[in-house]
Amino acid sequence: MDESIYVIAGKEESLVNAECRALVDQLLEPQQRTTGLLSAEAAQISVSDVLDELRTAPFLTEKRVVVVKGADSFVSDNRQLLEKYFDNPCSTGVLVLAVRSWPSQTKLAKKLAKVGKLISVTQPKGRQLLRRLAEYASDAHDKKLTTEAAELLVELAGDELARLYSEVDKLALFVDAEKVITPDHVEQLVGHNRIFGVFQVIDAITTGNVGQAISRLRNMFAEDKTAEYTVVGAFAFHLRRMFNAKALLSKGLRPAEVASRLRIWGNKDGFFRQVRKMSLEEIGAVLGQLATIDFKIKTGQTKAEVAVEQLVLRLGPT
């Protein structure tokens, strides 16, 4: 990376901040940040301080990195000075401007193309999201995140990029010296508590104890602050395994074979008891309802805690 100026533009602040952190990780080693990094909100720093910092000779690092967050007004108020700096940026300084928008017709935008890079941040979807996670794992941690692991991570943790970056950070520490992050790693670290919680809820439903199911569901929300974003994915993951297990059993496979193929490790007896209590059609219907709930949550039509509790009540004995 040899650009002198980066502009990170996006309307979602959490995504822009996550991109800033990822960029700083690539520009500076952790031990270099004490002397090589200045990060500040635009309202708390003047343009003269920013420019002085960029022009100060680096100490114990090859470059000084200055990050200005929430910089839309900062750019507007100091446009002429910034235009002059863009014409002749300091060779040992890297300026990072985090903004909500970066109009392409301005002089600054045209100058940026010659001396720096625009990073447009939007919420990626589908295969693009999986590629972004793999790139982040590689760039930030020198780890390979397999496509299957990325898919499972999104399923269990939701599709909000900043949260997924955080989960990749945890996974990189979890795998330690291993170079590849696999679905097993994701299931062990990210999914263990959530999948266990869902298992308890489904177990209570299939044994006819809806009150206990509701109590366990509420505990999931109380104990995990991210549950509102991840609970639907955790339910879908568990029920999809139930669906696949039911289908394999119907083809004549023995439970031990199914458990091995679907990586059912924990309470196998409890899992297959749940599978026996529900038909393939019933499991498929619940997966369809979860897809509808997920859409309504993302479009603001309902809240996860309310919608999933209503689903659990509907699944109970009538």
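Is there a residue in the range 116-135 that is surrounded by 14 or more Cβ atoms within 10 Å (Cβ to Cβ), among the small types (Gly, Ala, Ser) and within 30 Å of ASP184 (Cβ to Cβ)? Yes: the range 116-135 contains one or more residues that are surrounded by 14 or more Cβ atoms within 10 Å (Cβ to Cβ), among the small types (Gly, Ala, Ser) and within 30 Å of ASP184 (Cβ to Cβ). The residues in the range 46-74 that are in contact with a strand residue (DSSP E or B) (Cβ under 7 Å, 6 or more places away or on another chain) and either of a type in the set (Phe, Trp, Tyr) or over 21 Å from ALA18 (Cβ atoms) (or both) can be counted, and the count is 9.
Annotation note: of VAL75, VAL47, VAL65, the sole residue that is within 26 Å of the chain's Cα centre (by Cα), β-branched (Val, Ile, Thr) and under 30 Å from PRO103 (Cβ atoms) is VAL65.
Applying the set (1) touching a residue at least 60 places away in the same chain (Cβ under 8 Å); (2) under 30 Å from ALA140 (Cα atoms) to VAL201 leaves exactly one unmet item: (2). I'd like to know if the range 168-181 contains one or more residues that are within 15 Å of GLY233 (Cα to Cα) and not acidic (Asp, Glu). Within the range 168-181 (the criterion being within 15 Å of GLY233 (Cα to Cα) and not acidic (Asp, Glu)), the answer is no, since none of the residues qualifies. Residues that are surrounded by fewer than 18 Cβ atoms within 10 Å (Cβ to Cβ) and touching a residue at least 40 places away in the same chain (Cβ under 8 Å) were ranked within the range 270-281; the one that is nearest to the chain's Cα centre (by Cα) is GLY270. Looking only at the range 92-106, residues that are surrounded by fewer than 15 Cβ atoms within 10 Å (Cβ to Cβ) and either among the small types (Gly, Ala, Ser) or under 23 Å from ALA43 (Cα atoms) (or both) come to 5 in all. Only one of the listed residues (ALA256, ALA204, ALA213) is closer than 27 Å to THR146 by Cβ and among the hydrophobic types (A, V, I, L, M, F, W, C). That residue is ALA256.
Within the range 287-318, the set of residues being surrounded by fewer than 18 Cβ atoms within 10 Å (Cβ to Cβ), modelled with pLDDT of 90 or more and of a type in the set (Val, Ile, Thr) comprises THR292, THR302, VAL306.
Applying the set (1) without any contact (Cβ under 8 Å) to a residue 40 or more places away in the chain; (2) in contact with an Asp or Glu (Cβ under 8 Å, 6 or more places away or on another chain) to LEU51 leaves exactly one unmet item: (2). For the range 136-146, a residue qualifies if it is in contact with a Lys or Arg (Cβ under 9 Å, 6 or more places away or on another chain), under 19 Å from GLU187 (Cα atoms) and of a type outside the set (Lys, Arg), and exactly one does: ALA137. Condition check: of a type outside the set (A, V, I, L, M), in the same structural domain as LEU37 (by TED's automatic domain parsing) and at pLDDT 90 or above. Does LYS143 satisfy that? Against the criterion (of a type outside the set (A, V, I, L, M), in the same structural domain as LEU37 (by TED's automatic domain parsing) and at pLDDT 90 or above), LYS143 does not qualify. Restricting attention to the range 288-311, the residues that are in contact (Cβ under 8 Å) with a residue 40 or more places away in the chain and either outside any helix (DSSP H, G or I) or outside the structural domain of ALA204 (by TED's automatic domain parsing) (or both) add up to 1.
The values are calculated or read from the model by the stated rules, or taken from the named source; none is laboratory data. What you see is a predicted model, and the numbers here were worked out from it, not measured in a lab. FYI the Cβ positions are ideal-geometry reconstructions off the backbone, even for glycines, and counts take in every protein chain you see.
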